[in-house]
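For reference, the structure discussed in these notes is given below.
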Amino acid sequence: MLLKIYNQLLEHFGHQHWWPAETEFEIIVGAILTQQTTWKNVEKAIKNLKDNNLLEPKKLFKLPISRLEKLIRPCGFFKIKTKRLRSFLKYFIENYDGNLKRMFKTSLNELRKNLLSVHGIGRETCDSILLYVGEKPVFVVDAYTFRLCERYPIIKSKDYEEVKEFFEKDLPKDENLFKEFHALIVELGKNYCKIKPKCVDCPLKEGCEYANRVNNLSH
């Protein structure tokens, strides 16, 4: 079922080439800053860091808190996100000296457990780092994924780990497919499968129980 959905979305939207970033470290910063905001706002914050030549772990960690708050202010909740970013940087520098290759030599299960213990790194952020930076076959579950799972339906669960495990078992274990599928689900959620959905134009409407129910109610 999931591969069929993936192919329908890919045919409709095309390849998304996600995550947009110049460096692997930039992806991590973006994954932390994108919590509870739009990507456009994150781009503004990242641009501020780039313009000041600060997108390096040790430079960023040495930065005075007040200045970091000012630079990432466009992404919203900037005080909270400053704490979260600094918590990750502290963990990253103390354990791996700011070296990503060294970090990703850690076994997947151990690294995921360690990242989830860092303040402000939740499951979605953690798995985004593992998938998009570490190239690990870990499926990222977000609000759009839960919505699709409920409406299509795919799996009737609101538990992150259950949904993640379902996707990982049902799909070929391919990190590139996982990246593309996650990005395509985001596009679906932003354009069609909204809180107030546009079922009539949705590329998945033929097999979607929710779309069929909406269509029947309109007749």
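Things worth noting here:
Yes/no matrix, rows are residues, columns are (1) more than 18 Å from residue 22 (Cβ to Cβ); (2) out of contact with any Gly (no Cβ under 7 Å at 6 or more places or on another chain); (3) not hydroxyl-bearing (Ser, Thr, Tyr):
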| site | (1), (2), (3) |
| --- | --- |
| 36 | yes, no, yes |
| 44 | no, yes, yes |
| 48 | no, yes, yes |
| 74 | yes, yes, yes |
| 80 | yes, yes, yes |
| 119 | yes, yes, yes |
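Okay, residues lined up against (1) in a helix (DSSP H, G or I); (2) modelled with pLDDT under 95; (3) of a type outside the set (Ser, Thr, Tyr):
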site: 138; (1), (2), (3): no, no, yes
site: 144; (1), (2), (3): yes, no, no
site: 147; (1), (2), (3): yes, no, yes
site: 153; (1), (2), (3): no, yes, yes
site: 157; (1), (2), (3): no, yes, no
site: 162; (1), (2), (3): yes, no, yes
site: 165; (1), (2), (3): yes, no, yes
site: 168; (1), (2), (3): yes, no, yes
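- For the stretch 22-32, filtering for residues that are of a type in the set (A, V, I, L, M) and over 11 Å from the mean Cα position of the chain (by Cα) leaves 1.
- Members of the stretch 86-95 found to be surrounded by fewer than 17 Cβ atoms within 10 Å (Cβ to Cβ) and under 18 Å from residue 27 (Cβ atoms), listed by number: 87, 93
- Test result for residue 24, more than 30 Å from residue 204 (Cα to Cα), exposed (fewer than 12 other Cβ atoms within 10 Å of the Cβ) and not aliphatic (A, V, I, L, M): no
- Qualifying residue in the stretch 40-48 (condition: in contact (Cβ under 8 Å) with a residue 12 or more places away in the chain and closer than 19 Å to residue 182 by Cβ): yes
- For the stretch 123-137, the condition of being free of Cβ contacts under 8 Å to residues at least 24 places away in the same chain and more than 20 Å from residue 179 (Cα to Cα) holds for none of the residues.
- Residue 52 passes every criterion in (1) among the polar types (S, T, N, Q); (2) surrounded by 16 or more Cβ atoms within 10 Å (Cβ to Cβ); (3) touching a helix residue (DSSP H, G or I) at 6+ places or on another chain (Cβ under 8 Å) apart from (2).
- Criterion: assigned by TED's automatic domain parsing to the domain that holds residue 207 and not β-branched (Val, Ile, Thr) - qualifying residue of 92, 167, 104: 167
- Per-region count, the stretch 107-126, residues touching a helix residue (DSSP H, G or I) at 6+ places or on another chain (Cβ under 7 Å), within 18 Å of residue 27 (Cβ to Cβ) and not aliphatic (A, V, I, L, M): 5
- Scan the stretch 6-21 for residues that are loosely packed, with under 15 Cβ neighbours inside 10 Å and under 16 Å from the mean Cα position of the chain (by Cα) and the total you get is 2.
The values are calculated or read from the model by the stated rules, or taken from the named source; none is laboratory data. Given the structure is predicted, the values throughout are model-derived calculations rather than measurements. Methodologically, a virtual Cβ is constructed for each residue, glycine included, from the backbone with ideal geometry; neighbour enumeration extends over all protein chains shown.
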